[in-house]
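Right, one structure below, let's go through it.
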Amino acid sequence: MTSEIIMAGFGGQGVMLIGQLLTYAGMLENKQVSWIPSYGPEMRGGTANCSVIVSDEPIGAPIVTEPTALVAMNLPSLDKFEPMVQPGGVIIINSSLIERTVARSDVKVYQIPANDVAAELGNSKVANMVVLGALIAATGTVNSQSVNKAFAKMFAQKPDLLEINERAIERGASYIKC
Amino acid sequence: MAEKILMKGNEAIGEAAIVAGCRRYFGYPITPQTELTEYMAKRMPQVGGVFLQAESEVAAINMVYGAAGTGVRVMTSSSSPGISLKQEGISYIAGAELPCVIVNIMRGGPGLGGIQPGQADYFQATKGGGHGDYRNIVLAPNSVQEIVDMTIQAFDLADQYRNPVMLLGDGALGQMMEPVEFKATDTVPSIKAWAANGMRGRTQPNIINSLHLQPEKLEQHNIHLQQKYAAIQKNETRWEELYTEDADLILVAYGITSRIARSAMEKARSESYKVGLIRPQTLWPFPAAPFAKYAKTAKAFLAVELSAGQMVEDVRLAVNGVRPVAFYGRTGGMIPSPKAVYEQIVKTLKERGGN
Amino acid sequence: MAEKLFSRPQSLKDVAFHYCPGCHHGIIHRLVAEVIDELDVRDKTIGVAPVGCSVLAYEYFNCDMFEAAHGRAPAVATGIKRSQPDTVVFTYQGDGDLAAIGCAEIVHAAARGEKITTIFVNNAIYGMTGGQMAPTSLIEQVTNTSPYGRNADSAGMPIRMSEMLATLDGASFIARVAVNNPANMAKAKAAIKKAFEIQINGHGFSMVEILSTCPTNWGMSPLEAAAWLEQKMIPYYPLGQFKAPEGVAK
């Protein structure tokens, strides 16, 4: 299986970080992985994005142009990348900030109120982890334990953050199951 | 086996240099290679090395000249506009036959250009760049792991041939993260009897110099350099090939572009197009041999670059008119998608592949 | 038995200089070599030659030497010293090399307090290329590129490098001397020695600017040149010590 994912949002919404966490988690599962930050014309317009590939096969082009999944944390990101998603692909929409859903009928769409959930959890910064939880539940790219392990490794200096992030991932995943 | 870690290309270069025994780094910040300069600022003091942020790229390369002349392993890095500034120093380093590693994480040009990836410094890297008849050894990795392996190899090649080695990457390779492994390396800096590190009991001074005022002596020096370059061509040419044996069309690409070409090739293969790929890993010396070989079996070649067409000239020299060589390039920091390259494959096969 | 009063310093090779009659480079080379001998540091001294008349200095100093690109000697010396911190590193530079094309390198080497010593030979003209205007050429001085005399409106005023560099915190010792008579030669040698000692003692950057003649390109006899240096150069470029660490005598 090959997951080619674009994660996009405003600078500061933490899309680069969840991309790296997903990549790290894939590596921990002994998969082929790559992460590359927004490079190319889509850097314009104040949105940040990254391409993540997690695959059982060696990875060719690391820049994703036909994603199997899209995480859109804000409206400009959805506008920009929605048309590129492969038919049958997954789109995760941060419905706290994006009022519309998608116009397409050939993709699976999940609307996650990530900022509201993060506020309920008591830390507005974990909205990105909520959508990451939803993404991995919707795509099966990696399992959530791998993401937690990756988080523990990347934030070895801040073990106190681990618990709230795990809860945020669980909450995000719960939106897919119901 | 060492544990795999996830690293950015730029940072991987820095760690690999340290693994290779490099303890001197002189640089100047420029996008998109700045993470490397920052990495060295953090790491060098931890390993007892020297990090110095120079006042300019010109100063940095001359600091490299000084350090390399004393016999230590030394590196500098920059991106395209900064590499242009270093050219004077690189010519002196080549003339004085000093080993060092120069990293160019290319961006689009000319002039200030942009900060997105490019491959338009191929001519500069492989054809001299500065003045005089000289060559850099130019290594072109296409993954973060190969960045690590080639960085270490670069120091060995530099020492072995007393020659500058350029690691030629691009903004995408510098910024991307992939898992890497730092294998225990047996790289050992060679003993440098020529180094000017203080006489320390030697009876004759050592002199680091590129000036030869007598034409006879300068010609002799050039003949010596050319013999050295011939040996490098013979011994150090590297490339990778995929699906070339039965290919009607052979793609040619290096660095990040080779990965896009590979994806396009796989799509074409799945559609029953017989497409292969030659990926030069050394850009100088350029791997001419596989082109001479496959010019007999393939119907055409297609070079793909992030430039207006630079490496394609070496491909055409190597194919030597036996087969058509097509070109597809994007410039300015634009990166073609695998689909765009695939379309070029189909187009080229239609136009040039038919018998 | 006759007592030997005068001999070639060990730090100079036994070869003839290529310098013109009346040029001060030969004297300055000798003073630097004597200092290296007296401090007994030849075995760990590394010199950096410039581009200019003293480009061949690497053929004269009997210690490890580098030949640098034009103006880059302070950067090359930085690379050397940062790689071999136990060595004594000096650059030997002219006014075009140091004050024009290499201005950035000397300013930043001084600002960083690089533990190197710079011998700056200021003869107010470009010698090797045959008599063009230098950043230190005097107002109204006629050169091949200021044939009507240096004009401040167009070429600006001559740069006083010692005074400028002495403003930098990283500069430990800055002095200007001349070698136009025996008394000044003795002072020049003392300044060169101080500059090397300051490096050896681990202080920061040290530089000795040495006013020098260029009879050939000034279009004068050696005696006329010595007089011109006394009457024209010294008034604009006053001799003296501009910066020294505490405890180092004036």
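The values are calculated or read from the model by the stated rules, or taken from the named source; none is laboratory data. Every value quoted in this text rests on a predicted model; they were computed, and no experiment measured them. Reconstructed Cβ throughout: ideal geometry from the backbone, glycine too, with neighbour counts over all protein chains shown.
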Notebook entry, point to check: For the stretch C:135-164, what are the residues that are closer than 27 Å to C:LYS193 by Cβ and either of a type outside the set (A, V, I, L, M, F, W, C) or in contact with a Gly (Cβ under 7 Å, 6 or more places away or on another chain) (or both)?
Noted result: C:THR136, C:ARG160, C:SER162, C:GLU163
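Identify the residue in the stretch C:201-242 that is among the polar types (S, T, N, Q) and surrounded by 22 or more Cβ atoms within 10 Å (Cβ to Cβ) and, among all such residues, is farthest from C:SER137 (Cα to Cα).
Applying the filter and picking the extreme gives C:SER206.
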Check: Looking at the stretch A:112-130, which of the residues that are in contact with a strand residue (DSSP E or B) (Cβ under 8 Å, 6 or more places away or on another chain) and free of Cβ contacts under 8 Å to residues at least 24 places away in the same chain is nearest to A:ILE164 (Cα to Cα)?
Finding: A:ASN115
Notebook entry, point to check: Looking at the stretch A:26-60, which of the residues that are among the acidic types (Asp, Glu) and modelled with pLDDT of 95 or more is farthest from B:MET7 (Cα to Cα)?
Noted result: A:ASP56
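If I filter the stretch A:9-21 down to residues being touching a residue at least 60 places away in the same chain (Cβ under 8 Å) and farther than 11 Å from A:VAL131 by Cβ, which single residue comes out as surrounded by the fewest Cβ atoms within 10 Å (Cβ to Cβ)?
Looking at residues that are touching a residue at least 60 places away in the same chain (Cβ under 8 Å) and farther than 11 Å from A:VAL131 by Cβ, I get A:PHE10.
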Note to self: As an exercise: evaluate C:GLY113 against (1) touching a Phe, Trp or Tyr at 6+ places or on another chain (Cβ under 7 Å); (2) surrounded by 24 or more Cβ atoms within 10 Å (Cβ to Cβ); (3) more than 8 Å from chain B (Cβ to nearest Cβ) and give the number of the one condition it does not meet.
What the structure shows: (2)
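I need the full set of residues from the stretch A:57-75 which are without any contact (Cβ under 8 Å) to a residue 60 or more places away in the chain and away from chain B (no Cβ under 14 Å), in order please.
Result: A:LEU75, single match.
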Item checked: Test: B:PRO141 is part of a loop (DSSP other than H, G, I, E, B), surrounded by 24 or more Cβ atoms within 10 Å (Cβ to Cβ) and more than 11 Å from every other protein chain (Cβ to nearest Cβ) -> yes
Check: In the stretch B:264-280, what count of residues is obtained for those that are in contact (Cβ under 8 Å) with a residue 12 or more places away in the chain and surrounded by fewer than 21 Cβ atoms within 10 Å (Cβ to Cβ)?
Finding: 4
Checklist line | Residue under evaluation B:PHE123, criteria (1) assigned to a helix (DSSP H, G or I); (2) buried (at least 24 other Cβ atoms within 10 Å of the Cβ); (3) of a type outside the set (Val, Ile, Thr), criterion not met | finding: (2)
Margin query: Quick check on my filter: what residues within the stretch B:72-126 are among the charged types (D, E, K, R) and within 30 Å of B:SER337 (Cβ to Cβ)?
Written below: B:ARG107, B:ASP121
Next item on the list: For the stretch A:143-164, enumerate the residues that are surrounded by 11 or more Cβ atoms within 10 Å (Cβ to Cβ), part of a loop (DSSP other than H, G, I, E, B) and either modelled with pLDDT under 90 or not hydrophobic (A, V, I, L, M, F, W, C) (or both).
Entry: A:ASN143, A:LYS158
Margin query: Six or more apart or on different chains, Cβ atoms under 9 Å: show the pairs whose first residue is in the stretch B:153-167 and within 19 Å of B:SER210 (Cβ to Cβ) and whose second is among the aromatic types (Phe, Trp, Tyr).
Written below: B:TYR161/B:TYR229; B:ARG162/B:TRP194; B:ASN163/B:TYR134; B:ASN163/B:TYR229; B:PRO164/B:TYR134; B:VAL165/B:PHE155; B:MET166/B:TRP284
Notebook entry, point to check: Taking the stretch C:48-98, which residues are within 9 Å of another protein chain (Cβ to nearest Cβ) and assigned to a strand (DSSP E or B)?
Noted result: C:VAL48, C:ALA49, C:PHE61, C:ASP64, C:MET65, C:PHE66, C:GLU67, C:VAL88, C:VAL89
Notebook entry, point to check: Name the pairs: first residue in the stretch C:1-16 and over 16 Å from C:LEU31 (Cβ atoms), second residue among the aliphatic types (A, V, I, L, M) and in a loop (DSSP other than H, G, I, E, B), Cβ to Cβ under 7 Å, at least 6 apart or on different chains?
Noted result: none
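For the stretch C:17-30, which positions are assigned to a loop (DSSP other than H, G, I, E, B) and either in contact (Cβ under 8 Å) with a residue 40 or more places away in the chain or crowded, with 16+ Cβ neighbours inside 10 Å (or both)?
Going residue by residue through the stretch C:17-30, those that are assigned to a loop (DSSP other than H, G, I, E, B) are C:17-24.
Scanning the stretch C:17-30 gives C:PHE17, C:TYR19, C:CYS20, C:PRO21, C:GLY22, C:CYS23, C:HIS24.
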